[in-house]
1. Students often get this wrong, so check it: of K8/K47; K24/K50; K25/K47; K5/K47; K30/K50, which have C-alpha atoms separated by over 28 Å?
2. Using 0.36 nm per residue of separation minus the Cα-Cα distance, give me the extension gain between M1 and A40 in nm, one decimal.
3. Using the heavy atoms of the protein chains alone and a 1.4 angstrom probe, what is the accessible area of the chain per residue in square angstrom?
4. Using a 1.4 Å probe on the protein chains only, how many percent of the accessible area of the chain belongs to carbon and sulfur?
5. If amide hydrogens are placed 1.01 Å from N in the peptide plane, which non-local residues have theirs closer than 5 Å to the one on T27?
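The values are calculated or read from the model by the stated rules, or taken from the named source; none is laboratory data. Keep in mind that what you see is a predicted model, and the values were worked out from it rather than measured. Ligands, DNA and RNA are excluded from the accessible area calculation, which covers all protein heavy atoms including side chains. Shrake-Rupley method; radii C 1.70, N 1.55, O 1.52, S 1.80 Å.
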Amino acid sequence: MSINKVRKALYLMARILGDINAVKKGTVGKRIARRAAGRATGKSLGKIFK
């Protein structure tokens, strides 16, 4: 198993645990908004520095 596969699995588990934690705390809306904002920022920065 390569290091990239392990890394991908760890990030996936962290994302799932974060989602579960948000559901428990009742902050799902905030989490969705932050993830959407992060994706938009990443895409725009990717286009600028490409």
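1. Distance filter (> 28 Å) returns K24/K50; K25/K47; K30/K50.
2. Fully extending the segment from M1 to A40 adds 10.9 nm.
3. Roughly 95 Å² per residue, with all protein chains present.
4. Carbon-and-sulfur percentage of accessible area, whole number: 65.
5. Residues meeting the criterion, in which the H sits 1.01 Å from N, do not exist here.
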